[in-house]
Amino acid sequence: MMRFIFILIGCTIQYNICAQIPEDAIRYSWFPQNGTARTLAIGGTMASLGGDVSANFVNPAGIGFYKTNELVISPAFSLNNIKTDYRSNKTTEKNNHFNLGTSGAVFAFTNSYNTEKSGAFSIGFTQNASFNNVVHYKGLNNYSSFAEQFAEEFSGLNISINDALNTKSIAPYTVAPALYTYLIDIDTINGRPIVKAAPEYVLESGKALLQEMTKTTKGGLYELAFSFAGNDGNKWLWGATLGIPIVNFQSNTLFSETDTSNDATNKFKSFTYNDNYTTKGAGINAKFGVIYRPKAYFRIGIAVHTPNYMSLTDERKSSLNTILEGPSSNITVNSKLFTDNIERGKAAYIQSMPWRAILSAAYVFREITDVTKQRGFVSADIEYVNHRGSRFSSNAEEPTDNDKTYYKSLNNVIKNIYKGNVNLRLGGEIKFNTIMARLGFGYYGNPYKNAPEKTSKTTLSTGIGYRNKGFFIDLTYVYLISKDFDVPYRLQNLQTVYAAVNQNRGNIAATIGFKF
């Protein structure tokens, strides 16, 4: 079992929306390689092959293989099956949605002074990661309560109840609603005042709480790329990409706890907490790569991706309903009450994603000048991602001391719980004149230092393609096996509870392209 020690001091950003957590770092760095249907069918291996618009996002040197112009579009559809296990209780959800594969255009040109040299420019757009998902789980818990995190936060603020409940509360989405509905309050233990959560009285009697959570997320991590590549005699190819990552993340978390003891004297009956959270923004990155062909049939590719530097804005609102046993037994409050009636609080910050490095090799059967006579290839990519390198910082012109302390603490947590990992991709194609058959495999290893569950993402893919007289169409099926976990809340002095989350996703992708 993993223990997260996660003590972060509240920011003084507008209405204390500052609530970035370690999952915000891994969300934008741990995902399978996306691409055109051809790239997906061969497991995402594109760092040494080239000749595909997906090279914009893997190794831009691959754009240098183009000798003609090309336009492609890649729609996709996902069928998602999510299984969770929380406190030995299993739940299943289904979530299907459309995705966007890599689409774009390539414009090739030759050197009029040296026919051995050529170049190409490309504009590409892709969805690196889809956030469309529903995770639902429930189970009995006689160990801890979701509400205890609000009690811990209030204790750490060192302010009075009146200050916490004012119209410009520094904790309008957590502490203030919990105090207002009496989900947390001050009790006296051995003559000493202590902050307690109402569900703790149930736990102290030896009974269990029925906990249930539904987390619905939407949006994606997208990227617009502008690439330039050069080709020197088909021996050396080099390229560079200027990328613009675009984030659109929307999350709704609904968490409830219910007393299962039927004891009308333990002060607590139930609560339901509803949290709405969005993150939007854009940034910049760069990718550099080379491809070397020591022999006509053999290719070696190397690529380096700088971190994504993104300017993000979070918006948040929440509501809480608490039902107690006694006076004022049913109270509902919205976070607007504590924010001068402002619907959503906002916070702006900078987030950088980890750098990546890729080493690749490909063997092309019957590599000759007339590409129509080539009979296929095999290719493999090895990718290193430094997940522990994600960083957060304030976007304010003059960050406060609390802001600096908050982000320093968060960055230390990220360094302590994540690690660098190696991803593997393998694929191949066999060509039968105008028809191609493809297979691929991808493995994305555990990014956590000490995960409570076996954690990985594995892709198995197959596809076919048709190419004739400047027109091509590819069709691919990718089966993703994802093993991860979800943490509903963290407490300072208690071991973290979590739900094991296993997803099996089928992705049907197509690419239609024209050479001109």
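Read the figures in this text as sums done on the coordinates, not as results from a lab. These figures come from a predicted structure and were not determined experimentally. Cβ: placed from backbone, ideal geometry, glycine included. Neighbour counts: every protein chain shown.
The slack in the chain from residue 409 to residue 298, taken as 0.36 nm per residue of separation less the alpha-carbon distance, amounts to 35.2 nm.
Spin-label model, residue 190/residue 210: points 7 Å from Cα along the beta carbon direction are separated by 3.6 nm.
For a modelled paramagnetic label at residue 158, 7 Å from Cα along Cα-to-Cβ, the residues of the stretch 392-409 in reach, with backbone nitrogen under 17 Å, are 401-406.
As a rough guide to protection, the peptides 348-356, 411-419, 395-403 ranked by mean Cβ packing within 10 Å, highest first, stand as 348-356, 411-419, 395-403. One chain, two ends: residue 462 and residue 309. Fully extended at 0.36 nm per residue, the span grows by 51.6 nm beyond their Cα-Cα distance. Which of the lysines could a cross-linker bridge to residue 515, judged by Cα under 26 Å and excluding same-chain residues fewer than eight apart? Candidates past the 8-residue exclusion: 67, 117, 235, 287, 373, 431, 469.
Taking 0.36 nm per intervening residue step and subtracting the Cα-Cα distance, what contour gain separates residue 450 from residue 359 on full extension?
This chain segment gains 30.1 nm when fully extended.
Does anyone have the angle between helix 148-157 and the longest principal axis of the chain? Alpha-carbon axes, 0 to 90°, nearest 10? Helix 148-157 sits at roughly 80 degrees to that axis. Each part reduced to its alpha carbon centroid, the stretch 392-422 and the stretch 447-464 end up 27 Å apart.
What FRET efficiency comes out for residue 430 versus residue 348 if R0 is 51 angstrom and r is the Cβ-Cβ distance? Round to the nearest 0.05.
0.50
The modelled label-to-label distance for the pair residue 252/residue 514, using points 7 Å beyond Cα in the direction of Cβ, is 4.1 nm.
A simple spin-label model places pseudo-atoms 7 Å from Cα toward Cβ; at residue 240 and residue 224 they are separated by 2.0 nm.
At a Cα cut-off below 20 Å, give the lysines reachable from residue 138, other chains included and same-chain residues fewer than 8 away excluded. Within reach: 83, 90, 94, 207, 215, 269, 483. Ellipticity at 222 nm from helices only: DSSP H runs of n ≥ 4 in the chain, each -39500 (n - 2.57), divided by the residue count, give -3000 deg cm²/dmol.
Our note on the geometry: Cα centres of the stretch 314-357 and the stretch 33-94, 35 Å apart. Our note on the geometry: Cα centres of the stretch 468-482 and the stretch 174-241, 36 Å apart.
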